[in-house]
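Here is the structure we will look at.
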Amino acid sequence: MTYDFRKIEEKWQKFWAENQTFKAENNSQKEKFYVLDMFPYPSGAGLHVGHPLGYIASDIYARYKRHKGFNVLHPMGYDSFGLPAEQYAIQTGQHPAITTETNINRYREQLDKIGFSFDWSREVRTSDPSYYKWTQWIFIQLFNSWYNKDTDKAEDISSLIAIFEKEGNQSVNAVCDEDVAAFSAADWKAFTAKEQQEVLLQYRLTYLAETEVNWCPALGTVLANDEIVNGVSERGGHPVIRKKMTQWSMRISAYAQRLLDDLTMVDWPQPLKDSQTNWIGRSEGAEVTFRVKGREEVIDVFTTRPDTIFGVSFMTLAPEHELVAKITTSEQKEEVEAYIAATAKRSERDRMADVKTITGAFTGAFAEHPFSKEPIPIWIGDYVLAGYGTGAVMSVPCGDQRDYDFAKHFNIPIPNIFDGVDISEEAFADKEKTVIANSDFLNGLPYKKAVKRVIFELEKLEQGTGKINYRLRDAVFSRQRYWGEPFPVYYVDGMPQMIRAEHLPIVLPEVEKYLPTETGEPPLGNATVWAWDVKKSTVVNNQLIDHKTVFPLELNTMPGWAGSSYYFNRYMDPNNKEEVFSQEAITYWQDVDLYIGGSEHATGHLLYSRFWQKFMFDKGIVPKPEFAKKLINQGMITGTSAFVYFVVARFAKDKQFYIAVSKSAWGRVDEVIKNWRNTHPVNEKAFRYSILNRIHSPVEYVNSSDELDIESFRNDPMYSEFKDAIFIGEKGEVIKDNNDTYIVGREVEKMSKSKYNVVSPDNICQEYGADSLRLYEMFLGPLEQSKPWNTAGITGVHSFLKKMWRLFHGGDEGAFLVTDAEPTADNLKTLHKTIKKVEEDIENFSFNTSVSTFMIAVNELSAQKCSSKAILEPLTILVSPYAPHIAEELWSKLGHATSIVAAPFPKFEGKYLVESSKEYPISFNGKVRFKLELPADLSKEEIEAAVMTHDKTQEQLQGRTPKKVIVVPGKIVNIVG
RNA sequence: GCUCGAGUGGUGGAAUUGGUAGACACGUUGGACUUAAAAUCCAAUGGACAUUAGUCCGUGCGGGUUCAAGUCCCGCCUCGAGUACCA
């Protein structure tokens, strides 16, 4: 019997589905274990081999934990709201829900073929109303909460209202907007209902605020920084302007410190923690108030170096700073306005990218030094960002390189306030070595003491205070898109009102067009049935809006990260219609034990999810402040792209064609073209070739020797311009009748459809089977490292599976042949060293090395001609997390009626590995010269004696007396001298 | 620039605490089986020198510590990822 993997894999995939083998129970006496994958966005391109890498690893771990007796939760779902489906809808009119459904079905088919042990009864889709009902519900919870800094947690808004009614807002220690006006209890009571709502919005954890966005009028949408290139939209090249828009924001900044502190609670990769730490960007310092000479206004600055306050020789404001227009003198007005106009044209990205050019303008105004009362010139410069801190800095050129460069460029004095430091070449920023001088009461103090003292003095003057600043800013939560969660929000007199939870979900309305409206409203502005009737508690036609009982609904939708910020909790009880999840479910499952996914989500998904988790923890909805104990980043799989090099040759105005030039000929392309012209006379006057270029060729047209299949390439409609192209081969001559070959250029790039280098797992499943694919993806290398995809090695793991199959089969017909023979000592040794290694490997997520271990085990057992059930049965269990189909088949052939998945993992017993002798490497001055077999239980002295009396030792020494003999029992002997 | 990660044969990689560098595969070469191919099996395979025995070199580069360094320390180089003037 041969190894018929197609039949076997189909059989067991069907068996698992029919028997719901991987269904996890919410009530179990077993210990729980939750293994989670980052759920995919179902794109139209389907899965490529990079996707399953992490899924295979987590599946191995999940199956392993089942063997270890755990009740394992291993779910999968889809992050199914997103831009590509919407873009496709805009182009084709096809409803995104249909595209999404099609894509999900394709994903499911592909995932099923790989044999994952997902509990599909728990599948979630973020775009499904039964799911986003709870996304909307959480939004409402956030709206109805504020952050109390005294208790350091989120509380219900009612507790805030109670305080306002009793004593106004002066004693409230809350995270809120910067510019909240003070009011008393009497004031509060005198406010209109609308005024009260306006005040509360300044405290809510999700709130409406004016946010500056990159607005692209032509596309009618807001663009992310990286969708803008050189100030125009990446797609279409339309102008982009900075515009203020009222949008929902999430007060994630309230959680900045806890998000930072609790990183110590989780076992996540250090680089990932580092990038979250940097993103949160905590800095300690002081806020200092500078008076503006001769005016009412003051300038607040944040500084991490208040100790250098006597080194201030100018101040710099961001060009966007609101005071700029007020304080600029009439003489400087023209220059300042010109400068502001020039910087406004540059995107934030551009401004940041250009570090070398120093620009700025003097406002003509002066500030007053808080202590010396000296005048300080006020400048504006685009190295100061409006969005960070207060948008203004006190510039200390002797202590900060950017300030130093600015001062040098504009000839501003650079006073030195450091004792014994030369600042003629560059600024001095070493806090540890700082001793302050020329600074009045700070003279002679080191950094820390000076900071303390200066804050004390500033507080006395009421011109400053110690402050901790975070880079992390509140997250904008509105998107001007169609394919996202609608907000459960309607507007009464311009104030947002939440729809009551029992009326959720508010389902996405139908629209004619998925584009923004002509008046620039988001796509939901096209909906005709999109108004809220408070009497009927239902969505009704817009024409009924009367602002009495029928009100307009919110037109924005939620961002992609909304649905993905709590899905891991919803999996615990995904079909619950009454609650986001039952208390029983969350109490049993608690949190994720192992989360595997890409590192690109370090500061997006993984930060927002932690934020929502903490919020829900504060509200008593979840029992843990962190949602995932351990996280592993799987490495990226890179593909080898192929490039065809070509020139476009023109003979006359409208007569041109392509000349593709092979890789080594490309290096001397001019010479090659010249030679070609000598043999193909052309009109010298008209002829020119100008465009030297290269284009991605689909990798399937290139063989392993990098030779291009020219016919296929020519005939691919995607490359119609090469239909009649001339191909010049390696030798620099035109290719005809296979006289030469065309060699493509190769480059390793991220695997991506746009680079034509993707490899789908489907072909490999078809040709070699899912078990081969699973083993091979693991065999490629360490899970966390990025690695190139190359199918060349797949035959290795495939023939391993065949060898393993043969181990269980013998006799004339190759029938199943496993005996009850007593295992030999060698058999047991092979088995137990395999158990030990595989168990260690899985615990260390070192899946690549266990594949080698299996190969060694099967090679050894084959050589030992082992057919003993006592060996082969445990071996089958060891292999089963990696290659589950073949394992199930062999398991059933071994006589088991039930699935292998619950079989207990074999126990390692050290006694089988005890060796009676050890082959010692004998080295001289660190170089191994020969090996010596010695009994394992010899003492150091006995080993030394045995080695020194050996002939070969004497031969090596040639009469010399060794200076020293190092004996490490069980390891090595080294003779020095 | 900063932060993090990596650099080992023709290729993917192994060496878990400093102790026999190159496990396990792929590829290549030779052989067996076959009319042939596929499949399978066997052997060789880091480089140089050498008939053999063996010798020398060798984990990005330069130093160092050690009886012993891919592994530890110092200084560099290259590649990859992330980040963006954060006051």
Subject >> Whole-angstrom gap from region A:382-433 to region A:763-805, using each part's C-alpha centre >> reply: 57 Å
Original post:
Can you give the accessible area of A:Thr834, probe radius 1.4 Å, in Å² rounded to 10?
Top reply: 0 Å²
Original post:
When the chain is fully extended, how far beyond the present Cα-Cα distance does A:Val421 get from A:Ile358, taking 0.36 nm per residue of separation?
Top reply: 20.2 nm
Original post:
Which of the trypsin sites (Lys or Arg not before Pro) found in region A:837-879 are in a DSSP loop and have at most 16 neighbouring Cβ atoms, other than their own, within 10 Å?
Top reply: A:Lys865
**OP:** Go through A:609-621, A:792-804 and give me the packing order, highest mean Cβ count within 10 Å leading.
**Re:** A:609-621, A:792-804
Original post:
Across region A:674-685, in residue order, what do the Karplus-derived ³J(HN,Hα) couplings come to in whole Hz, using 6.51 cos²θ - 1.76 cosθ + 1.60 with θ = phi - 60° and x for Gly and Pro?
Top reply: 5, 4, 4, 5, 4, 8, 10, x, 10, 5, 4, 5
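Which of the pairs A:Lys293/A:Lys452; A:Lys11/A:Lys803; A:Lys837/A:Lys865; A:Lys685/A:Lys731; A:Lys14/A:Lys273 have their Cα atoms more than 32 Å apart in this structure?
Details: A:Lys293/A:Lys452 27 Å; A:Lys11/A:Lys803 21 Å; A:Lys837/A:Lys865 22 Å; A:Lys685/A:Lys731 28 Å; A:Lys14/A:Lys273 41 Å.
Violating the 32 Å Cα-Cα cut-off are A:Lys14/A:Lys273.
So what is Rg over Rh here for region A:915-976, counting just Cα atoms and using Kirkwood for Rh?
Result for region A:915-976 is an Rg/Rh of 0.93.
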Original post:
Dividing the Cα radius of gyration by the Kirkwood radius, what Rg/Rh value follows for region A:282-470?
Top reply: 0.95
Original post:
Size of the dipole of region A:129-205 about the Cα centre, Lys and Arg at +1 and Asp and Glu at -1 on the beta carbon, nothing else charged, in debye to 20?
Top reply: 340 debye
Subject >> Base-10 log of normalised Debye intensity for chain A (one unit scatterer per alpha-carbon) at q = 0.04, 0.05, 0.07, 0.10 Å⁻¹ >> reply: -0.29, -0.46, -0.87, -1.31
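Given Cα pairs under 8 Å that are at least 6 residues apart, what percent is the relative contact order of region A:808-891?
On the way: 68 pairs, mean separation 29.9, N = 84.
Across region A:808-891, relative contact order equals 36 percent.
Across every pair of different alpha-carbon atoms, what Kirkwood hydrodynamic radius in Å does region A:526-582 reach?
Numbers: mean 1/r = 0.0723 Å⁻¹.
By the Kirkwood definition, the hydrodynamic radius is 13.8 Å.
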**OP:** For chain A, with all protein chains present and a 1.4 Å probe, just round the carbon and sulfur fraction of the accessible area to a whole percent.
**Re:** 50 percent
**OP:** Could you list the residues of region A:303-347 with an amide nitrogen less than 18 Å from a label point located 7 Å from the Cα of A:Lys373 in the Cα-to-C-beta direction?
**Re:** A:310
Subject >> A:Arg125 long-range amide H proximity, modeled H, under 5 Å >> reply: A:Tyr78
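When only C-alpha pairs under 8 Å and at least 6 residues apart count, what is the relative contact order of chain A, in percent?
Values: 1740 pairs, mean separation 119.0, N = 977.
Across chain A, relative contact order equals 12 percent.
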Subject >> Relative contact order for region A:915-976, counting Cα pairs under 8 Å that sit 6 or more residues apart, in percent >> reply: 40 percent
Original post:
Any idea what log10 I(q)/I(0) is at q = 0.11, 0.14, 0.15, 0.18 Å⁻¹ for region A:754-837, Debye with uniform C-alpha scatterers and no solvent?
Top reply: -0.48, -0.71, -0.78, -0.97
Original post:
Could you give the nm distance between label points at A:Lys918 and A:Thr517, where each point is 7 Å from its Cα heading toward the beta carbon?
Top reply: 8.2 nm
**OP:** Would you be so kind as to identify which of A:Tyr701, A:Val180, A:Ile966 lies farthest towards the positive end of the dipole of chain A, taking Lys and Arg as +1 and Asp and Glu as -1 on Cβ and the Cα centre as origin?
**Re:** A:Ile966
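Give a quick list of GluC sites (Glu not before Pro) in region A:437-467 that DSSP marks as loop, anything other than H, G, I, E or B, with at most 11 other Cβ atoms within 10 Å.
Listed in order of number, the matching sites are A:Glu462.
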Original post:
Name the residues of region A:94-130 whose amide N is less than 18 Å from a point 7 angstrom out from the Cα of A:Val529 along the C-beta direction?
Top reply: A:95-98, A:129-130
Original post:
Among the GluC sites (Glu not before Pro) within region A:810-840, which fall in a DSSP loop and have no more than 14 other Cβ atoms within 10 Å of their own Cβ?
Top reply: A:Glu813
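Please pull out the direction-averaged projected area of region A:574-683, using the convex hull of its alpha-carbon atoms, in nm² to one decimal place.
Working: hull surface 58.0 nm².
Value for region A:574-683: 14.5 nm².
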**OP:** Among the lysines, select those whose C-alpha is under 24 Å from the C-alpha of A:Lys244, and discard any that sit fewer than 8 residues away in the same chain.
**Re:** A:Lys194, A:Lys326, A:Lys345
**OP:** Could you go through region A:4-12 in sequence order and give the Karplus-derived ³J(HN,Hα) for each residue, using 6.51 cos²θ - 1.76 cosθ + 1.60 with θ = phi - 60°, rounded to whole Hz, and x for Gly and Pro?
**Re:** 9, 5, 4, 5, 4, 5, 4, 4, 7
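For region A:915-976, what is the accessible area per residue in Å², given a 1.4 Å probe and the full set of protein chains?
Numbers: 4090 Å² over 62 residues.
Normalised by residue count, the accessible surface of region A:915-976 is 66 Å².
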Original post:
In whole angstrom, how long is each semi-axis of the equivalent ellipsoid of region A:814-964, when you take the square root of 5 times every eigenvalue of its Cα gyration tensor and sort them from largest down?
Top reply: 43, 16, 13
Subject >> chain A, helix-only ellipticity at 222 nm - DSSP H runs n ≥ 4, -39,500 (n - 2.57), divided by all residues, nearest 500 >> reply: -10000 deg cm²/dmol
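Please give the peptides A:139-150, A:582-593, A:945-956 ranked by average Cβ packing (other Cβ atoms within 10 Å per residue), highest first, as a rough proxy for protection.
On the way: A:139-150: 20.0, A:582-593: 17.7, A:945-956: 13.9.
In decreasing order of mean packing, A:139-150, A:582-593, A:945-956 become A:139-150, A:582-593, A:945-956.
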Original post:
Of the listed peptides A:514-525, A:61-72, A:542-553, what is their order by residue-averaged count of other C-beta atoms within 10 Å, with the highest listed first?
Top reply: A:61-72, A:514-525, A:542-553
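A:Ser184: net charge of surrounding residues, Cβ under 13 Å, Lys/Arg +1, Asp/Glu -1, itself excluded?
Values: positive: A:Lys166, A:Lys189; negative: A:Glu165, A:Glu167, A:Asp187.
Here the count lands on -1.
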Original post:
Relative to the Cα centre, what is the charge dipole magnitude of chain A, using +1 at the beta carbon of each Lys and Arg, -1 at the beta carbon of each Asp and Glu, and rounding to the nearest 20 debye?
Top reply: 1480 debye
Original post:
What percentage of all Cα-Cα pairs in region A:479-565 are separated by more than 21 Å?
Top reply: 26 percent
**OP:** Return the distance in nm (one decimal) between the two label points of a simple spin-label model at A:Glu767 and A:Lys971, each offset 7 Å from Cα along Cα→Cβ.
**Re:** 4.7 nm
Original post:
Once amide H atoms are placed 1.01 Å from N in the peptide plane, what residues at a sequence separation of 5 or more from A:Val492, or on another chain, have their amide H within under 5 Å of its amide H?
Top reply: A:Gln497
Original post:
Quick one: Karplus J couplings for region A:776-781, per residue in order, coefficients 6.51, -1.76, 1.60, θ = phi - 60°, nearest Hz, x for Gly and Pro?
Top reply: 5, 4, 6, 5, 4, x
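With viscosity set to 0.692 mPa s and temperature to 37 °C, compute the Stokes-Einstein D of region A:414-516, Rh being the Kirkwood radius across alpha carbon pairs; µm²/s, no decimals.
Numbers: Rh = 20.0 Å.
D, rounded to a whole number, is 164 µm²/s.
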Original post:
What is the set of long-range amide H partners of A:Gly168 at a cut-off below 5 Å, with H atoms built 1.01 Å from backbone N?
Top reply: A:Ala185
Original post:
Which aspartates and glutamates have a Cα lying under 15 Å from the Cα of A:Lys918, excluding residues fewer than 8 positions away in the same chain?
Top reply: A:Glu933, A:Asp937, A:Glu942, A:Glu944
Original post:
Taking 0.36 nm per intervening residue step and subtracting the Cα-Cα distance, what contour gain separates A:Asn443 from A:Lys326 on full extension?
Top reply: 38.5 nm
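The values are calculated or read from the model by the stated rules, or taken from the named source; none is laboratory data. Bear in mind that the values here come from a model prediction, so they are computed numbers and not experimental data. For neighbour counting, all protein chains shown are included, and Cβ atoms are generated from backbone atoms with ideal geometry for every residue, glycine included. Protein only, heavy atoms only, side chains kept; ligands, DNA and RNA dropped before computing areas. Shrake-Rupley method; radii C 1.70, N 1.55, O 1.52, S 1.80 Å.
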